[in-house]
Amino acid sequence: MSRHSVQQSLLFVTRCVVIGLAIACLVFLVRRGTQSPFGTTAGAPTSYAEAVAASADSVVNIYTTRLVTDVDGSGVASTSREFNLGSGVIIDSDGYVVTNHHVVEGAGEIYVLLADDRVATPVIIGEDSDTDLALLKIDLEDLQPIRLGRSDQLLIGDVVLAIGNPYGLSQTVTQGIISATGRGALNLTTFENYIQTDAAINSGNSGGALVNARGELIGINTAVISREVNIQGISFAIPVNLVNGVVQALKRDGRVKRGWLGLTMTNISEADWRRLGLPPNSGVLLTGVNENGPASNAGVQRGDVLVSINGREVKTGQQALLTVASYQPGTALNLELIRGGRAVQTVAYAGDRIDAENALR
């Protein structure tokens, strides 16, 4: 056989193999029916109607009134009634409704409007300004509680739906994706651990539901960064795992009991890490110690560097705050400090954050 004939034969065989593999791959994908050659889901939904149907009836409209006093230029005071709109979510058949603290804060009257047009006057079970959550209870039958998801399993890029009452337009649904999780340092609340999404959350959406593509609650909508130059609808929701913990505490005690040490602190600069011989992002500088507070009673001093709490390394002031708050009042906390270049250890007994704040007012 000539060299030309061999080359032609090899070319023919190669083409047959390539075509055969392509056909086999296509057959496999058709039979499997789940993945395209580019890794996208061939069976991805073109509609989220089922998710909306499973969750929308659990989202309620909340109307509140407040008495507002205004003083004119001549010093004459006048009182008027201010109306506000918000949203809430029915979380169980007993009539518990979660919303934002700022939706009901200072309200003189509160009304809850259900998706079936029934109206109820709720009882406030408890409020938690530190997370901007409040728990209400309505006395109605045949309620539609929402299914709860898990916010610790969220992935960047997951599809989400925001359901609420923006501008009084009840049962409005907007769609987006998870842009980030664990967002903090926004100065919106004391304890921040937000889900960030590009789903539109507008005035009146506060307290409404952020649900996944299965219609399960994964967050309570709470804040939005206004549309300004170079800002495109960045919105935030409180993750449902955090909501669950606050709800259980409010049901049990009417408030959330959190640990408190009486410290103010700041993150340490890179130069100070080197000077103190600490690894990067390790320890926080104590800029203030409340007199007669738990930390002060344990011998903690202003200027100390707090390195760990009960063996948990401290990296930022926010993390230290969250760590202390996660313990119940009365819990013994082992504090590791650096003072004047020397390691110091002491034990402080956590106080009650709310009691301390009330005493300091």
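Is it true that some residue in segment 302-315 is basic (Lys, Arg), at pLDDT below 90 and assigned to a helix (DSSP H, G or I)?
We begin by selecting, within segment 302-315, every residue basic (Lys, Arg); these are 302, 312, 315.
Next cut, at pLDDT below 90 only: 315.
Subset that is assigned to a helix (DSSP H, G or I): none.
There is no residue in segment 302-315 that is basic (Lys, Arg), at pLDDT below 90 and assigned to a helix (DSSP H, G or I).
Within segment 306-331, residues that are without any contact (Cβ under 8 Å) to a residue 60 or more places away in the chain reach partners that are open to solvent by 50 Å² or more (accessible area, probe 1.4 Å) and assigned to a helix (DSSP H, G or I) with beta carbons closer than 9 Å, at six or more positions or on different chains, in the pairs Arg312/Gln319; Glu313/Gln319.
Of all the residues in segment 45-87, those that are on the phi < 0 side of the Ramachandran plot, open to solvent by less than 70 Å² (accessible area, probe 1.4 Å) and not polar (S, T, N, Q) number 13. Taken together, the residues in segment 184-212 that are assigned to a loop (DSSP other than H, G, I, E, B), open to solvent by less than 50 Å² (accessible area, probe 1.4 Å) and either free of Cβ contacts under 8 Å to residues at least 12 places away in the same chain or in contact with a helix residue (DSSP H, G or I) (Cβ under 7 Å, 6 or more places away or on another chain) (or both) amount to 6. Residue pairs whose Cβ atoms lie under 7 Å apart, sitting 6 or more positions apart in sequence or on different chains, and linking a residue in segment 98-122 that is of a type in the set (Phe, Trp, Tyr) to a partner that is part of a strand (DSSP E or B), are Tyr111/Tyr63; Tyr111/Val119. When Gln328, Gln319 are screened for being within 26 Å of the chain's Cα centre (by Cα), modelled with pLDDT under 95, loosely packed, with under 13 Cβ neighbours inside 10 Å and of a type outside the set (D, E, K, R), only Gln328 passes. Among the residues of segment 291-301, those that are farther than 27 Å from Ala271 by Cα and either hydroxyl-bearing (Ser, Thr, Tyr) or assigned to a loop (DSSP other than H, G, I, E, B) (or both) comprise Glu291, Asn292, Gly293, Ser296, Ala298. Looking only at residues of segment 112-128 that are open to solvent by less than 90 Å² (accessible area, probe 1.4 Å) and not aliphatic (A, V, I, L, M), we find that the one that is farthest from Tyr63 (Cα to Cα) is Asp128.
Do we find a residue being open to solvent by less than 30 Å² (accessible area, probe 1.4 Å), under 30 Å from Thr69 (Cβ atoms) and in a strand (DSSP E or B) anywhere in segment 135-157? Yes. Residues in segment 48-75 that are assigned to a strand (DSSP E or B) and modelled with pLDDT of 90 or more: Val59, Val60, Asn61, Ile62, Tyr63, Thr64, Thr65. If you check Ile218, Ile178, Ile238 for being under 21 Å from Gln319 (Cβ atoms), buried (at least 21 other Cβ atoms within 10 Å of the Cβ) and at pLDDT 85 or above, only one passes: Ile238.
The values are calculated or read from the model by the stated rules, or taken from the named source; none is laboratory data. The structure displayed is predicted, hence computed values, not measured ones. With ideal geometry, Cβ positions are generated from the backbone for all residues, glycine too; neighbour counts draw on all protein chains shown. Calculation scope for accessible area: heavy atoms of the full protein, side chains included, ligands and nucleic acids excluded. Shrake-Rupley method; radii C 1.70, N 1.55, O 1.52, S 1.80 Å.
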